[in-house]
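Below: one structure, written as structure tokens.
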Amino acid sequence: MRDFWVNALLVLLLLGQLVLLTSQVEGDDSVLERATLATLAPISHWTSTTLDRVGGVGRSFRGARALRVANAELEAEVDRLRHELVRLHGVEEELERLSRISGYQGAASGEGVVADVVFVDDGSWLRTLVLYAGRIVPRRNQPVVTPEGLVGRVITPAGHYSKVQLITDSTSSASAMIERTRRKGLVQGDGEGGLELRFIPLRADVRVGDRIVTAGIDGVYPRGIPIGRVSKVAPGGGLFHVIELAPAVDFGLLDQVYVLTGDVLPADVKEELVDESG
Amino acid sequence: MRVAKLLVGLAVSAAIYTVGVAWFGRLPRWLDPFLILTLYISLERERPWSTISGSATGLAFDALSGSLYGLHGFANTVVGYAAATVQQRFVIQGPFLVGLLFVVGAAVQQAVVAALQFLLVRGDEMPDPVGMLLTMAATGLLGTLLYLGTARFLDWEQHWREQRRRRLTIDTR
């Protein structure tokens with residue numbers, strides 16, 4: 001009799017997890033996953049913070065001279081960036097003036113809220129990272145970026161913690177364009193830390209070194225976020241090039257990222273699209 | 001008490017997982033602390049509890065990692081149930097047999113995960129045999145060390161209690 005109940009428990013648990021799995025395959029996250037992540041992520045966050053502090057103590061004892069050199073370099077970089085900022089302010093004001101004259105309204109990209117990276121997991125099947133955004137509660141599909149470029153999007157929000165799918169993940173994709181020629185394509189991760197730019201015709205002009213940015217037409221990522229640079233171009237067997245990209249972001253050095261909180265599409269347009277798609 | 005042990009085990013496994021990812025990047029592909037916890041709990045020979053613990057540890061791993069949620073939950077449930085059943089039938093003791101249990105448990109987990117991936121998502125990807133062997137070896141080694149370490153600790157603790165009882169008995173005469 002006891003065997004019967006034990007076997008029944010086994011079957012029940014296995015069936016429940018099969019249901020969870022099949023719902024995951026369709027792309028939805030579950031309440032249970034969010035709850036589990038919200039419970040365990042603080043432990044990982046504490047561990048990660050402790051590791052950083054311990055590492056910091058070790059680093060502070062080494063190379064005072066190296067620190068002085070690095071400090072001098074950073075001060076020079078800050079001066080250069082301050083001058084660049086003043087110049088860009090002028091450009092921004094001129095752009096706003098011209099926009100007002102012509103009646104043009106650009107797409108809003110919203111605010112970027114800083115978030116701490118708890119850990120980056122590129123050893124698992126899906127390439128993800130877990131972040132902690134203390135000021136906001138991230139929502140699904142919000143873009144995650146750094147000053148260098150695109151990191152990915154939120155796939156599992158769990159309170160202030162979130163799991164983010166990296167753009168280098170093989171199931172990740174983003175609409176992109178070659179900045180120089182404005183030719184549009186699709187960037188997909190190769191699952192090994194690299195990126196591929198797809199659907200660029202053989203007759204299109206693309207060169208090694210071309211900068212690739214988000215095209216802003218997929219409803220997830222706003223336009224103009226750097227994705228990477230073309231590192232290899234080869235003719236494909238069909239109609240399109242085989243293009244490899246070097247990501248703009250070094251995922252091994254991620255410490256803090258920004259979660260973009262604005263909507264790429266206005267809410268009423270999103271609703272219409274949902275209605276049309278049934 | 002068992003629930004507390006499981007929760008502490010999950011917390012420690014999460015911390016070890018974070019350290020592994022932060023320092024070694026690809027370590028979770030070969031060393032799963034949650035699987036080791038499942039097999040360790042199965043040594044108590046309680047099938048229902050081992051099955052439930054397998055689900056909990058697997059789901060915890062899936063939540064933290066980039067796995068499909070439920071993938072390792074399913075696999076660890078099978079492993080927990082099977083390991084506890086084997087323990088009940090054959091009473092496995094000693095470091096060699098316990099190590100073998102951990103190795104076989106890891107093999108079963110890898111096989112179930114590979115089968116589910118093949119069936120549900122990526123039909124064209126074969127599992128990495130070298131990675132599977134590494135996982136089995138690492139799980140066997142660390143599981144054996146954990147078993148020996150806790151057995152040593154429990155022996156020491158029992159010896160300490162007996163010594164203490166003897167001292168109290170002498171003092172009260």
Tell me whether the stretch B:139-156 contains one or more residues that are open to solvent by 80 Å² or more (accessible area, probe 1.4 Å), farther than 24 Å from residue B:8 by Cα and modelled with pLDDT of 85 or more.
no
List pairs: first residue in the stretch B:38-61 and without any contact (Cβ under 8 Å) to a residue 12 or more places away in the chain, second residue part of a helix (DSSP H, G or I) anywhere in the structure, Cβ distance under 6 angstrom, at least six positions apart or on different chains.
B:48/A:6; B:48/A:9
Please go through (1) in contact with a helix residue (DSSP H, G or I) (Cβ under 7 Å, 6 or more places away or on another chain); (2) open to solvent by less than 30 Å² (accessible area, probe 1.4 Å); (3) within 21 Å of residue A:161 (Cβ to Cβ); (4) at the interface with chain A (Cβ under 7 Å from one of its Cβ atoms) for residue B:66 and return the number of the only condition it doesn't satisfy.
(1)
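Would you confirm whether any residue within the stretch A:244-253 is more than 16 Å from the chain's Cα centre (by Cα) and either loosely packed, with under 14 Cβ neighbours inside 10 Å or modelled with pLDDT of 90 or more (or both)? Full working, then the answer.
Pass one, the stretch A:244-253, residues more than 16 Å from the chain's Cα centre (by Cα): A:244.
Those left that are additionally either loosely packed, with under 14 Cβ neighbours inside 10 Å or modelled with pLDDT of 90 or more (or both): A:244.
Looking for residues that are more than 16 Å from the chain's Cα centre (by Cα) and either loosely packed, with under 14 Cβ neighbours inside 10 Å or modelled with pLDDT of 90 or more (or both), one finds at least one in the stretch A:244-253, hence yes.
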Residue A:226 passes all but one of the listed conditions (1) more than 14 Å from the chain's Cα centre (by Cα); (2) closer than 27 Å to residue A:121 by Cα; the exception is number (1)
Can you name the condition, by its number, that residue B:100 falls short on among (1) over 12 Å from the mean Cα position of the chain (by Cα); (2) more than 7 Å from chain A (Cβ to nearest Cβ); (3) crowded, with 22+ Cβ neighbours inside 10 Å?
(3)
Here are B:93, B:117, B:88: which of them is open to solvent by 40 Å² or more (accessible area, probe 1.4 Å), within 13 Å of chain A (Cβ to nearest Cβ) and within 20 Å of residue B:41 (Cα to Cα)?
B:88
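Every residue, every condition in (1) out of contact with any Leu (no Cβ under 6 Å at 6 or more places or on another chain); (2) outside any helix (DSSP H, G or I); (3) modelled with pLDDT under 80; (4) more than 8 Å from every other protein chain (Cβ to nearest Cβ), yes or no:
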{"position": "A:6", "(1), (2), (3), (4)": "yes, no, no, no"}
{"position": "A:14", "(1), (2), (3), (4)": "yes, no, no, no"}
{"position": "A:38", "(1), (2), (3), (4)": "yes, no, no, yes"}
{"position": "A:43", "(1), (2), (3), (4)": "yes, no, no, no"}
{"position": "A:56", "(1), (2), (3), (4)": "yes, no, yes, yes"}
Look through A:194, A:185, A:189 and report the one residue that is small (Gly, Ala, Ser), farther than 17 Å from residue A:149 by Cα and open to solvent by less than 30 Å² (accessible area, probe 1.4 Å).
A:185
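The rows are residues; the columns are (1) within 12 Å of chain A (Cβ to nearest Cβ); (2) among the aromatic types (Phe, Trp, Tyr); (3) open to solvent by 20 Å² or more (accessible area, probe 1.4 Å).
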position: B:7; (1), (2), (3): yes, no, yes
position: B:15; (1), (2), (3): yes, no, yes
position: B:20; (1), (2), (3): yes, no, no
position: B:24; (1), (2), (3): yes, yes, yes
position: B:30; (1), (2), (3): yes, yes, yes
position: B:53; (1), (2), (3): yes, no, no
Looking at B:107, B:82, can you tell me which residue is within 14 Å of another protein chain (Cβ to nearest Cβ), without any contact (Cβ under 8 Å) to a residue 40 or more places away in the chain and within 26 Å of residue A:33 (Cα to Cα)?
B:82
Those residues of the stretch A:111-151 which are free of Cβ contacts under 8 Å to residues at least 24 places away in the same chain and among the small types (Gly, Ala, Ser), in sequence order:
A:123, A:124
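The values are calculated or read from the model by the stated rules, or taken from the named source; none is laboratory data. Since this is a predicted model, take the numbers as computed values, not measurements. Counting neighbours? That spans all protein chains shown, and the Cβs are built from the backbone with ideal geometry, glycine included. Quick note on the areas: whole protein, heavy atoms, side chains included, nothing else; ligands and nucleic acids left out. Shrake-Rupley method; radii C 1.70, N 1.55, O 1.52, S 1.80 Å.
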